[in-house]
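All of the numbers you see were taken from the coordinates with simple rules; none came from a lab. Being a predicted model, the structure only gives us computed values, none of them experimental. Positions of Cβ are backbone-derived with ideal geometry, glycine not excepted, and every protein chain shown enters the neighbour counts.
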Amino acid sequence: MSNKHASSLTAVARIEVRFNECDPLGIVWHGNYVNYFQEGREAFGKKYELDYMDMYMKGYATPIVHLSTDFKKTLQYKDVALVETTLRKTDAAKIIFDYIIRNEKTNELICKGTTTQVFVTSRDMILSLVVPEVFAHWKKKNGLQ
């Protein structure tokens with residue numbers, strides 16, 4: 001899989017489609033792709049040591065404020081999805097992830113998506129207009145600054 005943001009970081013999660021994620025036709029219900037994006041972010045966090053609880057303990061939460069998905073094909077029960085999660089490089093006080101989901105067996109593009117997260121103070125949920133020090137440190141450690 002290609003990384004369209006060459007200076008960014010990418011991780012891949014492998015997900016076997018579970019029975020409870022499918023509609024009566026055996027096709028993955030569209031809302032479950034949001035969960036696949038979450039699993040992609042979890043894999044990214046493990047690979048690059050981006051720990052949301054650590055960030056929370058240091059005073060910041062990162063709610064999602066934007067989500068978009070473009071569906072191309074469907075996944076079915078027992079298919080294996082590969083969720084490629086790429087951090088988009090930005091100087092803004094936000095975290096933007098791009099997702100590409102492919103069928104592992106056929107390599108067909110299933111969907112693409114994007115999420116945008118902002119920083120709010122964990123205590124009173126006030127929006128941060130500058131990159132918090134904890135995230136700036138993480139970016140520097142990972143060669144993004």
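Could you put Val83, Val118 in order, starting from the residue whose Cβ has the fewest other Cβ atoms within 10 Å?
Numbers: Val83 26, Val118 18.
Fewest-to-most ranking of Val83, Val118: Val118, Val83.
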* Excluding residues on the same chain fewer than 8 positions from Lys139, give the lysines whose Cα lies under 27 Å from its Cα. => Lys4, Lys46, Lys47, Lys58, Lys89, Lys94, Lys112
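In percent, what relative contact order does the chain have, based on Cα pairs under 8 Å that are 6 or more apart in sequence?
Details: 270 pairs, mean separation 39.4, N = 145.
It comes to 27 percent, rounded to a whole number.
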* Run through all the Cα pairs of region 10-141 and give the fraction in each 10 Å bin from 0, expressed as whole percent. => 12, 40, 28, 16, 3
* **Gyration tensor verdict on region 80-145 (Cα atoms; rounded if a/c is under 1.5, prolate if a/b is larger than b/c, oblate otherwise)** => prolate
* Structure fact -> Candidates Tyr60, Tyr52, Tyr36; GNM for the chain (alpha-carbon contacts under 10 Å) flags as most fluctuating Tyr52
* Structure fact -> The aspartates and glutamates whose Cα lies under 16 Å from the Cα of Lys105, excluding any fewer than 8 residues away in the same chain, are Glu16, Asp79, Glu84
* Asked: Of the residues Asp124, Asp70, Asp98, which exhibits the maximal mean-square fluctuation in a Gaussian network model of the chain defined by a 10 Å Cα contact cut-off?
  -> Asp124
